[in-house]
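The values are calculated or read from the model by the stated rules, or taken from the named source; none is laboratory data. Everything numeric in this text was worked out from a predicted model, so none of it was measured. Neighbour counts are summed over all protein chains in view; Cβ atoms, including those assigned to glycine, are modelled from backbone coordinates with ideal geometry. Calculation scope for accessible area: heavy atoms of the full protein, side chains included, ligands and nucleic acids excluded. Shrake-Rupley method; radii C 1.70, N 1.55, O 1.52, S 1.80 Å.
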Amino acid sequence: MKTVNQCLILAAGNGTRIRAVSGGLPKPLVDFRGKPILEHVIRRAHQAGIDRFVIVVGYRSDLIRSWLEGRSLGVSVTFVENPDYHEANGISALKARNEIQDNFLLLMADHIFEPETARALLQRPLASDEVILAVDPNIDRIFDLDDATKVRRDGERIVDIGKDIAHYDALDTGMFLCSPALFDRLESATKDGNCSLSDGMRQLAREQRLRALEIGEGQWQDLDTPEALAHAEGVFDGYVYHEQIVESVARV
């Protein structure tokens, strides 16, 4: 099985729901426990085995580019500009199509996760026309269920996905192991110049090419609002402390 070492991060949105604490910054640069959210995402994916990143930017992209120029994260980064960042996130993914030819990890710039979860996802065998979504079956622990994207499964196959589906048994964590076939499905799902990732995923589900990987007790959080940001401070307190200890030892 070929090792997956590239990651697509969607970081183009204007983050209207977190604007009360963003101070006008793009959401990926909002502080979370002393670092921008995007830095947490990159570092955790790197710990899982990723060393090449393609980041789609849009809203105030100059600030994200400038921030990264002042950092040494030990990874390769290619930026892709999405001037249509007001559209749904499937359009952001499509903007990166020419930069990705092999299987890749797909992440959101505002979702925090444990590196072990990403590592487990990267180790799954993936067919040339499939996508695997990391799902959380622990529905009762979700912070904002109304805003979460829901998933309904039949065995390991995902048969429906969306924020408003009535029947579901797990939640979308925003972590996907993708074949480049995803881009074809997003293209076919685009209507009037717009599509969401869930639109493309529903297409794959109808073809029985969307699978689920349960994350078990692994933690994750969508940092989409000030309340979610505050909630995640407690959820990831122990992990971030461990990360800081590791970095402090590395500097000695």
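Quick notes on this structure:
- Per residue accessible area of the chain, 1.4 Å probe, in Å²: 45
- Working from label points 7 Å from Cα in the Cα-to-Cβ sense, the ASP154 to VAL235 distance is 3.0 nm.
- Percentage, to the nearest whole number, of Cα pairs in region 81-201 over 23 Å apart: 30
- When the Gaussian network model of the chain links Cα atoms closer than 10 Å, the mean-square fluctuations of ASP110, ASP164, ASP51 top out at ASP164.
- Span-like helix criteria (full DSSP H runs; alpha carbon extent of at least 15 Å along the helix axis; mean Kyte-Doolittle hydropathy of at least 1.6) are satisfied in the chain by no helix.
- Mean separation of Cα contacts under 8 Å, 6 or more apart, over the residue count of the chain: relative contact order %: 22
- With a Cα cut-off of under 22 Å and a minimum spacing of 8 residues unless on different chains, the lysine pairs in the chain number 6.
- A probe of 1.4 angstrom, applied to the heavy atoms of all protein chains, finds ARG19 with accessible area near 110 square angstrom.
- Qualifying trypsin sites (Lys or Arg not before Pro) for region 107-208 [loop in DSSP, other Cβ within 10 Å: at most 16]: LYS163
- Distance from region 125-185 to region 6-74 (C-alpha centre basis), Å: 23
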